[in-house]
1. Take the residues of the range 24-43 that are crowded, with 21+ Cβ neighbours inside 10 Å and not in a helix (DSSP H, G or I): which is nearest to ligand 1 (Cβ to nearest atom)?
2. From the list A152, A156, A137, exactly one residue is in contact with a helix residue (DSSP H, G or I) (Cβ under 9 Å, 6 or more places away or on another chain) and part of a strand (DSSP E or B). Which is it?
3. Within the range 335-351, count every residue that is out of contact with any Lys or Arg (no Cβ under 7 Å at 6 or more places or on another chain) and surrounded by fewer than 20 Cβ atoms within 10 Å (Cβ to Cβ).
4. Being surrounded by fewer than 19 Cβ atoms within 10 Å (Cβ to Cβ), closer than 27 Å to G83 by Cα and in contact (Cβ under 8 Å) with a residue 60 or more places away in the chain is the requirement here; does G278 meet it?
5. Of G58, G146, which residue is more than 27 Å from E228 (Cα to Cα) and open to solvent by less than 60 Å² (accessible area, probe 1.4 Å)?
6. Is there a residue being polar (S, T, N, Q) and either open to solvent by 50 Å² or more (accessible area, probe 1.4 Å) or part of a strand (DSSP E or B) (or both) anywhere in the range 371-389?
7. E87: in a loop (DSSP other than H, G, I, E, B) and either away from ligand 1 (no atom under 11 Å from the Cβ) or under 27 Å from A2 (Cα atoms) (or both), yes or no?
8. Name the residue, out of N154, N182, N191, N167, that is under 20 Å from K135 (Cβ atoms) and surrounded by fewer than 16 Cβ atoms within 10 Å (Cβ to Cβ).
Amino acid sequence: MARLQEHEGKALFKIAGMPIPQGDVARTPEEARKIAEKIGKPVVIKIQIWAGGRGKAGGVKFADTPAEAEKITASLLGATIKGLLVEKVLVEEKLAIEKEYYAGIIVNAQADARCPVVMFSTEGGMDIESVPADKIALMNVDVIRGFKIYDALNLANELKVPSQYINQVARLIFGLYETFKNYGARLIEINPVVVTKEGKVLAGDCRISIDDSAVIRHPELGIEVAREASTPPTELDRIAWWVEEKDLRGTCYFAEMNNEIQDREVFGTIGYHGMGGGGAMLGVDGLNKQGMKVANFADTSGNPPASKVYRAAKMVFSQPGIDGYMLGGFMAANQEQWHHAHGVVKALREELPKRPGFPVVLLLAGNKEKESLEILREGTKDLNARIRIYGGDRVYDTEGLAAEMKEMVLEYKKEKNG
Ligand code: GDP
Ligand code: MN
């Protein structure tokens, strides 16, 4: 799922005619001051990152004057909050909150439902997971019939929303459904729906995730990589997406892991090339337990052609500072593994001559395993590198393989540093 930031989501609300607080995005403290001047009253300043719970994390602040808005923005921009770098803030009129509600829609994937479910609660401002069930009104929507304004009224009425707000609340829920439908969302949420002391109802926050498969229909959203992530895509993440878009056979997933490890000693950094999502992650755990950091998580699975595997391997190798390469097929795949073998061999034959003695662990298991291991052995036997090749009998041995990798990395680094 591709996630939008609050201000991007609110722009869609505006298109749907839903009331949102007056405001704009600032990338510098001066911009924040100008926006606050234009608003002409106290403002709220909210960091724009791909994460919720910003309030509790110190990412939602209030300012009474434009000068204060400028100062607060200066302290927020460039800060790391919830592990994410703050590059922009949303400056909005501060609302005088009378009551906070919740409205959200997700896809109900239960076998007897398989439809959008619209949720409304009078307990807004907190995680919907912690709201008691009797305080949440729900409706499974038959997408052919659609969602009507009176459905929204019924939901609000079920929880006894006071009559002076009920029409505004229903219009907001109705707009939410329209936005959900029009943009192919998987999840959409307003938390809180704000009822102000003046009796106005507005969307106080916004969270939207677009279905990966719907992204192509909405170039106007400017989503670069149709995948859920918490940080903006890096150059390699973008290249991987380009590979994926051009050839949908199998998966070419790539995510750089740039976080620093500070709490323990790191013996080396491994370029990690997994096969088969979840199983492959066990290999990362194994490496971490041996005190090794992974530079990235890559995944080629679901029967990709050799060309895709080759490209993924090349991306892994293109990361500066790696001390080893691991092909982590920690599962028995039912597709023919020789496509992987061919793609990896081509990449290794190009990359290893530049790195004498480089540590490489290759694990492949599954259909045509014998032939695939043969391709790996034959294709790499003349290379000057530390190469270990394993099959299905080691598929559960994540820690053992990680330990071998560590041993080779230590030797390699010693050799390299004289
Ligand atoms: P989140 O923590 O990432 O979900 O960020 P929100 O945008 O939902 O803000 C968190 C909380 O800050 C809200 O639930 C409100 O209680 C408070 N807040 C946000 N905007 C305003 C505002 O304009 N006025 C007031 N009084 N409180 C606000
Ligand atoms: Mn919120």
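1. Start the filter on the range 24-43 by keeping residues that are crowded, with 21+ Cβ neighbours inside 10 Å, which leaves 26, 32-33, 35-36, 43.
In the following step, the residues that additionally are not in a helix (DSSP H, G or I) were identified as 26, 43.
Values: A26: 16, V43: 8 Å.
The qualifying residue nearest to ligand 1 (Cβ to nearest atom) is V43.
2. When all the criteria are applied, what remains is A137.
3. Going through the range 335-351 one residue at a time, the tally reaches 5.
4. Numbers: surrounded by fewer than 19 Cβ atoms within 10 Å (Cβ to Cβ): yes; closer than 27 Å to G83 by Cα: yes; in contact (Cβ under 8 Å) with a residue 60 or more places away in the chain: no.
It is false that G278 is surrounded by fewer than 19 Cβ atoms within 10 Å (Cβ to Cβ), closer than 27 Å to G83 by Cα and in contact (Cβ under 8 Å) with a residue 60 or more places away in the chain.
5. Values: G58 fails: more than 27 Å from E228 (Cα to Cα).
Answer to the selection: G146.
6. Kept after step one, since they are polar (S, T, N, Q), are these residues of the range 371-389: 372, 380, 384.
Now drop any that are not either open to solvent by 50 Å² or more (accessible area, probe 1.4 Å) or part of a strand (DSSP E or B) (or both), which leaves 384.
Among the residues of the range 371-389, at least one is polar (S, T, N, Q) and either open to solvent by 50 Å² or more (accessible area, probe 1.4 Å) or part of a strand (DSSP E or B) (or both), which makes the answer yes.
7. Numbers: in a loop (DSSP other than H, G, I, E, B): yes; either away from ligand 1 (no atom under 11 Å from the Cβ) or under 27 Å from A2 (Cα atoms) (or both): yes.
In short, yes.
8. N154
The values are calculated or read from the model by the stated rules, or taken from the named source; none is laboratory data. Only a predicted model underlies this, so the values are computations on that prediction, with no experimental measurement involved. So basically every Cβ, Gly included, is an ideal-geometry build from the backbone, and we count neighbours across all protein chains shown. For accessibility, only protein heavy atoms count, side chains too; no ligands or nucleic acids. Shrake-Rupley method; radii C 1.70, N 1.55, O 1.52, S 1.80 Å.
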